[in-house]
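See structure below.
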Amino acid sequence: MLRLCIFISLLMTAATAHASDFVGLVQSCEKCHGKDGNSTDPDVPIIAGFSYEGFLNTMEVFREDYRIALRYQKPGEPETVMNEIAKGLSDEEVRSLADYFSQRDFIPARQDVNSALAERGEVIHKKSCEKCHSDNGAHPVEDAAILAGQWTPYLRRQFDNFLSGKRWVPVTMLRRVRKLSEEDIEALLNFYSSKGMQER
């Protein structure tokens, strides 16, 4: 009986330590991405509510350097870069984080919107983007991230990354992006901002 009690105690201690480690891991993500993954920094994406598969895919492309992240430094914190962070996580940690953040509620960023550009952006989205980024970019499907309500400066940088080759994307998507003018991209960004505000 004593041995059983000791064994159960050891299991509980291990479980508590594991839970504590995971809490610390989440908190390290939240230092940049905000509480529950809802970033308050326009340069840092909101990751709350992303699909489980999408989170895994994002971490994998960072690990393989198919996507080169911005070096980021929050005041009072050390400089970080997602490629290095992703490579430092175990597969189990990545899966646990994917499960956690996929279950958090996405809170759209508050941003200024040019309504005329947003109307033009809606037309472009319906024609070129809705097939993969459904519900006006608000629904996360597999590796298609939430666009509606995401920070505009972050999204603008991703368009630049697509075109410069700093971020790998499927050929079909790259072809669509290359057909967009700078004005088209700004219209799309305003559309996604406007849809995010409507979701509040």
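The values are calculated or read from the model by the stated rules, or taken from the named source; none is laboratory data. If you're wondering where the values come from, they're calculated on a predicted model, not measured in any experiment. Glycine gets a Cβ as well: all are built from the backbone with ideal geometry, and neighbour counts include every protein chain shown.
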(message) Name the residue that is nearest to Arg110 (Cα to Cα), counting only residues in the range 127-163 that are touching a Ser or Thr at 6+ places or on another chain (Cβ under 7 Å) and surrounded by 17 or more Cβ atoms within 10 Å (Cβ to Cβ).
(response) Trp151
(message) Can you tell me which of (1) modelled with pLDDT under 90; (2) in a loop (DSSP other than H, G, I, E, B) is the one Ile47 doesn't meet?
(response) (1)
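Can you pull out the residues in the range 106-117 that are farther than 21 Å from Pro140 by Cβ and in contact (Cβ under 8 Å) with a residue 40 or more places away in the chain? Explain how you work it out, then say what you get.
Initial filter on the range 106-117 (farther than 21 Å from Pro140 by Cβ): 112-117.
Within the range 106-117, Asp112, Val113, Asn114, Ser115, Leu117 meet the criteria.
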(message) Just to be sure I understand, how many residues within the range 113-156 are among the aliphatic types (A, V, I, L, M) and touching a Lys or Arg at 6+ places or on another chain (Cβ under 7 Å)?
(response) 2
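Do we find a residue being over 24 Å from Thr40 (Cα atoms), under 15 Å from the mean Cα position of the chain (by Cα) and modelled with pLDDT under 95 anywhere in the range 141-158?
yes
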(message) Please count how many residues of the range 156-200 are among the aromatic types (Phe, Trp, Tyr), assigned to a helix (DSSP H, G or I) and under 21 Å from Val61 (Cα atoms).
(response) 2
(request) Identify the residue in the range 94-144 that is in contact with a helix residue (DSSP H, G or I) (Cβ under 7 Å, 6 or more places away or on another chain) and among the β-branched types (Val, Ile, Thr) and, among all such residues, is farthest from Tyr192 (Cα to Cα). (result) Val94
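Just give me the residues in the range 145-170 being of a type outside the set (Val, Ile, Thr), in contact with a helix residue (DSSP H, G or I) (Cβ under 7 Å, 6 or more places away or on another chain) and touching a residue at least 24 places away in the same chain (Cβ under 8 Å), in sequence order.
Scanning the range 145-170 gives Ala145, Leu147, Ala148, Gly149, Gln150, Leu155, Arg156, Phe159, Arg167, Trp168.
Residue-wise test of (1) in contact with a strand residue (DSSP E or B) (Cβ under 8 Å, 6 or more places away or on another chain); (2) surrounded by 15 or more Cβ atoms within 10 Å (Cβ to Cβ); (3) in a loop (DSSP other than H, G, I, E, B); (4) in contact (Cβ under 8 Å) with a residue 24 or more places away in the chain.
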position	(1), (2), (3), (4)
Phe62	no, yes, no, yes
Asp65	no, no, yes, no
Pro78	no, no, yes, no
Leu89	no, yes, yes, yes
Arg95	no, yes, no, yes
Phe101	no, yes, no, yes
Arg104	no, yes, yes, yes
(request) For the range 106-155, name all the residues that are closer than 16 Å to His33 by Cα and either assigned to a helix (DSSP H, G or I) or touching a Pro at 6+ places or on another chain (Cβ under 9 Å) (or both). (result) Phe106, Ala109, Ala145, Ile146, Gly149, Gln150, Trp151, Thr152, Pro153, Tyr154, Leu155
